[in-house]
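The values are calculated or read from the model by the stated rules, or taken from the named source; none is laboratory data. These numbers come from a predicted model, not from an experiment. Here the Cβ is made from the backbone with ideal geometry for all residues, glycine too, and neighbour counts use every protein chain on show.
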Amino acid sequence: MNTLYRKSLPGTKLDYFDTRAAIEDLQPGSYAKLPYTSRVLAEQLVRRCDPETLTDSLKQLIEFKRELDFPWYPARVVCHDILGQTALVDLAGLRDAIAEQGGDPSKVNPVVPTQLIVDHSLAVEAAGFDPDAFEKNRAIEDRRNDDRFHFIEWCKTAFDNVDVIPAGNGIMHQINLEKMSPVIQARDGVAYPDTCVGTDSHTPHVDALGVVAIGVGGLEAETVMLGLPSMMRLPDIIGVKLIGKRQPGITATDIVLAITEFLRNQKVVSAYLEFFGEGAKNLTIGDRATISNMTPEFGASAGMFYIDEQTIDYLKLTGREPEQVALVEQYAKLTGLWADDLENVEYERVLEFDLSTVVRNMAGPSNPHRRLPTSALNERGIAGDDMLAAAKAEEADGLMPDGAVIIAAITSCTNTSNPRNVVAAGLIAKKANELGLGRKPWVKTSFAPGSKVAKLYLEEAGLLSEMEQLGFGIVGYACTTCNGMSGALDPVIQQEIIDRDL
């Protein structure tokens, strides 16, 4: 850690690094023009970069140059159990090798705090219409992963700097958003922005809080774990100005499907996007997280939002300590990471998206950028009187209709980290029950929230029972269908699909 530009953070026992002063000393008036991402990258350079290369590294940011590699030292590593376990197996192997040479194996530990969340092991074998689905699926998960989970449990006590959240608690990205990220770190007497790499493409979910976080491969994550920098060049940082206001009844999922189509067409591959403007200001953190989570579908590396009042409200809502919330606000306002101090940012490229143009949308299943407005279902031959009549005729003969939906899953941290989306699902279930609608016998329904919080607020709102009545009972707290873990189909239904070539 460097000493130059290290100053006392007023009213606290912490220090901070005055990045604004470092930048202004090199080129007066330039800090106000720097994008949010550049300010965060500059701070860690001032704090950690070799003093001999600091000036040249900072000039890359100030002058928007891409001529030199500079170091990035992420504050944390976040892993799911598959790639995270692989990295820890490597460290365990290194311990064995050191022990064989007569060394002390206990000295082999991650240097950077590493958080492993077990969320990629659950399969939905018991569907949501089974009242015991959660217990059954967890029992199967434990049985199938006995050796793996034993090793992961060992890691909790064997390694320093490793936190493990065991199976059955949620999805890594939602837990990162709700619990893991402090937004501003306070370590070794110094406050600085939280940043992280994660072993999953949807790690940018937490970008919604103003945390620069990107998905990386297992080897790069291991490099960061061991305290080595991840070398990078200044990425393309693109401003995305959100204007307008959403129409009534439009969810964040509708918005993000439209934004995904828009950004794919704008060619933002590997870019760091920064969403700003009045439209962004009015989005809750839940809505922002839905957008940030889809960053890999845009083709981008990061989907950032500035720190503002929405951030502070969310930190309070999710139970962060008052002292931590106060630190986030004070640090962000002092160092230029607060939204009001980013009004004069100069982006090399700015895109504009009007939220008021968004309609109700569908997309997928394999291509989330292929948006389909629900108003076009009939003209595309996906819904309509002819199709309905044919389906009813097949059903009357005791057959499953060709083209029938057989898996209906409310899942994905893109959706379930957003309380508005989950409550909307509960309200639709309530209305469906009132109208006497029900699940067709061939549909495997499931509901897998990204954390246990969803169950609490749905119960309190009287909506969980409505979802259970419709067949969308909670089957687990983990990645499920969107991770390919929707479990086996009913053998009878599976055989009919094969026999009739549906």
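The table for this structure:
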{"quantity": "Residue 281 vs. criteria farther than 30 Å from residue 71 by Cα, among the basic types (Lys, Arg), in contact with a Ser or Thr (Cβ under 7 Å, 6 or more places away or on another chain) and assigned by TED's automatic domain parsing to the domain that holds residue 337", "calculated": "no"}
{"quantity": "When residues of the range 315-357 are limited to those that are closer than 24 Å to residue 190 by Cα and in contact with a Gly (Cβ under 8 Å, 6 or more places away or on another chain), the one surrounded by the fewest Cβ atoms within 10 Å (Cβ to Cβ)", "calculated": "330"}
{"quantity": "Unique residue being closer than 18 Å to residue 333 by Cα and either part of a helix (DSSP H, G or I) or at pLDDT below 95 (or both) when the list is 41, 61", "calculated": "41"}
{"quantity": "Flag if residue 446 is at pLDDT below 95 and touching a Gly at 6+ places or on another chain (Cβ under 8 Å)", "calculated": "no"}
{"quantity": "Per-region count, the range 1-40, residues more than 31 Å from the chain's Cα centre (by Cα) and of a type in the set (D, E, K, R)", "calculated": "5"}
{"quantity": "Selection status of residue 326, on the phi < 0 side of the Ramachandran plot, among the small types (Gly, Ala, Ser) and in contact (Cβ under 8 Å) with a residue 40 or more places away in the chain", "calculated": "no"}
{"quantity": "Residue in the range 427-434 that is under 25 Å from residue 287 (Cα atoms), outside any loop (DSSP other than H, G, I, E, B) and touching a Ser or Thr at 6+ places or on another chain (Cβ under 7 Å) present", "calculated": "no"}
{"quantity": "Residue satisfying condition, being in contact (Cβ under 8 Å) with a residue 12 or more places away in the chain and either surrounded by fewer than 16 Cβ atoms within 10 Å (Cβ to Cβ) or on the phi > 0 side of the Ramachandran plot (or both), within set 473, 436, 487, 462", "calculated": "487"}
{"quantity": "Pair list, Cβ under 8 Å, 6 or more apart: the range 276-297 residue touching a residue at least 40 places away in the same chain (Cβ under 8 Å), other residue in a loop (DSSP other than H, G, I, E, B) and acidic (Asp, Glu)", "calculated": "281/308"}
{"quantity": "Of the criteria (1) assigned to a helix (DSSP H, G or I); (2) of a type in the set (A, V, I, L, M); (3) modelled with pLDDT under 95; (4) farther than 21 Å from residue 289 by Cβ, which one residue 454 fails", "calculated": "(4)"}
{"quantity": "Residue under evaluation residue 289, criteria (1) surrounded by 22 or more Cβ atoms within 10 Å (Cβ to Cβ); (2) more than 26 Å from residue 412 (Cβ to Cβ); (3) small (Gly, Ala, Ser), criterion not met", "calculated": "(2)"}
{"quantity": "In the range 364-380, residue modelled with the highest pLDDT [restricted to those that are small (Gly, Ala, Ser) and closer than 15 Å to residue 296 by Cα]", "calculated": "364"}
{"quantity": "Count - residues of the range 76-90 that are surrounded by fewer than 22 Cβ atoms within 10 Å (Cβ to Cβ) and at pLDDT 90 or above", "calculated": "2"}
